[in-house]
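Visitor: The structure is given below, and queries will be raised subsequently.
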Amino acid sequence: MSSTTDQTILSQDIEEIVELFAVTPTDTPTSDAERATKLESPKFGTVFTDHMARISWRRDEGWVHRRVEKYGPLQLDPATAVLHYGQEIFEGMKAYRHADGSVWTFRPEENAARMARSAHRLALPALPVDDFIAACAALVRTDLAWVPKAPDSSLYLRPFTFASEPFLGVRPSDQVEFLVIASPAGAYFSGGVKPVSIWVDAEFHRAGPGGTGAAKCGGNYAASLLPQEEAAAKGFDQVCFLDGGSNTYIDELGGMNVFFVMDDGSVHTPELTGSILEGVTRSSILRLAADRGREVVERRIPLAEVVEGLRTGRIVEMFACGTAAVVTPVGRLAGETFDSQIGGGAPGELTMAIREELTDIQYGRLPDRHGWLRRLA
């Protein structure tokens, strides 16, 4: 049921930019048989397509040299700025093959806009939205055979930007590279959707007031790794962070936003405070929940209120969301002073309904009434 309205295809301006990408085919293409084997059960982020898209930036030239080239190692000087000062940002999105063979992506303008905001916070040049989408389209069209056909599979796209100037000194880089690489991904929950367990960390923080929490940059994820390891050692799947200012309010997981469904049917999520990543999936869920007539509330949510709400039954469902898993039900939330089961450990009704609706839109099984899809190939 792929939509073909004008608003769901790439604009003529973007198509013209796609044509500017010089394509240099790899000299070591993956054979059809080898690619078929890799696509049988792809493990997220470990297998990559034959090519990558790339655009360079120079302070005195702007964005130049659009190309699609062989996927392979990057040659970096040991003094390359990103290795020493962490000036880099990235995005995550997917390309979905629909039943008619066409390939689409989901709200790429939002990813491009978020990357521009991240660039501003990290003192990097902002890539224009049209260039961002064109780079993704150019890569997907070059590596079209890599887009999986299996149910609930996709081609994960990873656009990223980093400071590439070789120098030691604390200042913004005069040279920057933007790339897009792609990795086929199977269904996130291969054996069916299962609730996850979450440990609330009261010691470490993912980000703080005035920091880089709203930017999608590697430093935020690096800061989450030690708490994630400690949560795993306690037997939990994920870690939830509190705000860095008062250590009182729910922020987000290491890489996912979080939602609570109340006994009156309302849907609550932490408001964007500058330390929480503005997820594309998050904003989509807010719209779909409102479409169902649910009251949608964005506010600061104290951990104490959550603990009490789980004890009394005021909170009936909890779920997390992000590009990779889309919607993940939470079956257990625990911390140093509490340990609560949610919904008897089974996925919540609204959680699963929202997940099904969102994925059905992405894969073209439901009409795209909000105009969120963009055809890439």
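Visitor: Applying the Karplus parametrisation 6.51 cos²θ - 1.76 cosθ + 1.60 with θ = phi - 60° to the phi angles of region 331-340, what ³J(HN,Hα) value in whole Hz is obtained for each residue in order, glycine and proline being reported as x?
Guide: x, 8, 10, 9, x, 4, 10, 8, 7, 10
Visitor: Calculated from DSSP H runs of 4 or more alone, at -39500 (n - 2.57) each and per residue, what is the 222 nm mean residue ellipticity of the chain, nearest 500?
Guide: Taken over the chain, the calculation gives -8500 deg cm²/dmol.
Visitor: What is the percent carbon and sulfur in the accessible area of the chain, measuring with a 1.4 Å probe over the protein chains and ignoring ligands?
Guide: 51
Visitor: Quick one: which of Lys94/Lys234; Lys38/Lys234; Lys38/Lys216; Lys43/Lys194; Lys94/Lys149 span more than 23 angstrom between C-alpha atoms?
Guide: Too far apart for the 23 Å limit: Lys94/Lys234; Lys38/Lys234; Lys38/Lys216.
Visitor: What ³J(HN,Hα) values, in whole Hz, does the Karplus curve 6.51 cos²θ - 1.76 cosθ + 1.60 give for region 351-359 when θ = phi - 60°, with x put for Gly and Pro?
Guide: Values, residue by residue: 3, 6, 5, 5, 4, 5, 5, 5, 5 Hz.
Visitor: Please check: in the Gaussian network model of the chain (C-alpha springs, under 10 Å), which one of Leu74, Leu83, Leu225 has the largest mean-square fluctuation.
Guide: Most flexible of the set in this elastic network: Leu74.
Visitor: Given R₀ = 45 Å, FRET efficiency for Ala346-Trp63 by Cβ-Cβ distance, to 0.05?
Guide: 0.35
Visitor: Show me the GluC sites (Glu not before Pro) within region 45-130 that DSSP assigns to loop and that have at most 11 other Cβ atoms within 10 Å of their Cβ.
Guide: Glu61
Visitor: Follow-up question, since we're still on this one. If each residue of separation counts as 0.36 nm, what is the full-extension length gain between Asp27 and Arg121 once their alpha-carbon separation is subtracted?
Guide: Gain in length upon complete extension: 30.0 nm.
Visitor: Mind checking which of Gly219, Gly235, Gly335 has the largest fluctuation in a GNM of the chain, springs on alpha carbons under 10 Å?
Guide: In the Gaussian network model the winner is Gly235.
Visitor: With the dipole of the chain worked out from charges on the C-beta (+1 for Lys and Arg, -1 for Asp and Glu) around the Cα centre, which of Gly313, Gly186, Gly245 lies farthest toward the positive end?
Guide: Ranked along the dipole, the leading option is Gly186.
Visitor: Now for a different question. How much length would be gained if the chain were fully extended between Val47 and Glu34, taking 0.36 nm per residue of separation minus their Cα-Cα distance, in nm to one decimal?
Guide: 3.5 nm
Visitor: With +1 assigned to the C-beta of every Lys and Arg and -1 to the C-beta of every Asp and Glu, and no other charges, what is the dipole magnitude of region 110-204 about the Cα centre in debye, to the nearest 20?
Guide: 200
Visitor: Report the one residue of Thr161, His84, Val147 whose Cα lies farthest in the direction of the positive end of the charge dipole of the chain (charges on C-beta: Lys and Arg +1, Asp and Glu -1; origin at the Cα centre).
Guide: Val147
Visitor: If amide H atoms are built 1.01 Å from N in the plane of the peptide, which residues on other chains or at least 5 residues away come under 5 Å of the amide H of Gly255?
Guide: The list, which skips near neighbours in sequence, is empty: none.
Visitor: Okay, next question. Quote to one decimal, in nm, the extra length available between Thr248 and Leu83 on full extension: 0.36 nm per residue of separation minus the C-alpha distance between them.
Guide: Result for the pair: 56.0 nm of gain on full extension.
Visitor: Here is a follow-up. Could you provide, to the nearest whole Å², the per residue accessible area of region 230-377 with probe 1.4 Å?
Guide: Dividing the accessible area of region 230-377 by its residue count gives 38 Å².
Visitor: I've got another one for you. Could you rank the peptides 168-179, 193-204, 128-139 by their average count of other C-beta atoms within 10 Å per residue, with the highest value first?
Guide: The most tightly packed comes first, giving 128-139, 193-204, 168-179.
Visitor: Over what distance in Å are the Cα centres of region 37-74 and region 75-129 separated?
Guide: A separation of 11 Å, based on Cα centres.
Visitor: To the nearest 20 Debye, how big is the dipole of region 60-106 about its Cα centre, given +1 on the beta carbon of each Lys and Arg and -1 on that of each Asp and Glu?
Guide: Dipole about the Cα centre, nearest 20: 300 debye.
Visitor: Another question, then. Please report, in debye to the nearest 20, how large the charge dipole of region 28-68 is about its Cα centre when each Lys and Arg carries +1 at its beta carbon and each Asp and Glu carries -1 there.
Guide: 220
Visitor: For region 46-53, take each phi angle, set θ = phi - 60°, evaluate the Karplus expression 6.51 cos²θ - 1.76 cosθ + 1.60, and give the result in whole Hz per residue in order, putting x for glycine and proline.
Guide: 10, 10, 10, 6, 6, 10, 9, 8
Visitor: Set the Förster radius R0 to 30 Å, insert the Cβ-Cβ distance between Lys149 and Ile9 as r into 1/(1 + (r/R0)^6), and round the FRET efficiency to 0.05.
Guide: For Lys149 and Ile9, the calculated efficiency is 0.90.
Visitor: Please state the shape class of region 167-304: rounded when a/c is under 1.5, otherwise prolate if a/b exceeds b/c and oblate if not, all from the C-alpha gyration tensor.
Guide: Note, shape of region 167-304 comes out rounded.
Visitor: Considering amide H positions built from the backbone, and no H for Pro or chain starts, which residues 5 or more places from Leu366, or on another chain, come under 5 Å of its amide H?
Guide: When sequence neighbours closer than 5 places are left aside, the close amide H contacts are Ile361.
The values are calculated or read from the model by the stated rules, or taken from the named source; none is laboratory data. For clarity, every value in this text was computed on a predicted model and none was experimentally measured. Here Cβ is always computed from backbone atoms with ideal geometry, including for glycine, and neighbour counts include all displayed protein chains. Surface accessibility is based on the protein's heavy atoms, side chains included, excluding ligands, DNA and RNA. Shrake-Rupley method; radii C 1.70, N 1.55, O 1.52, S 1.80 Å.
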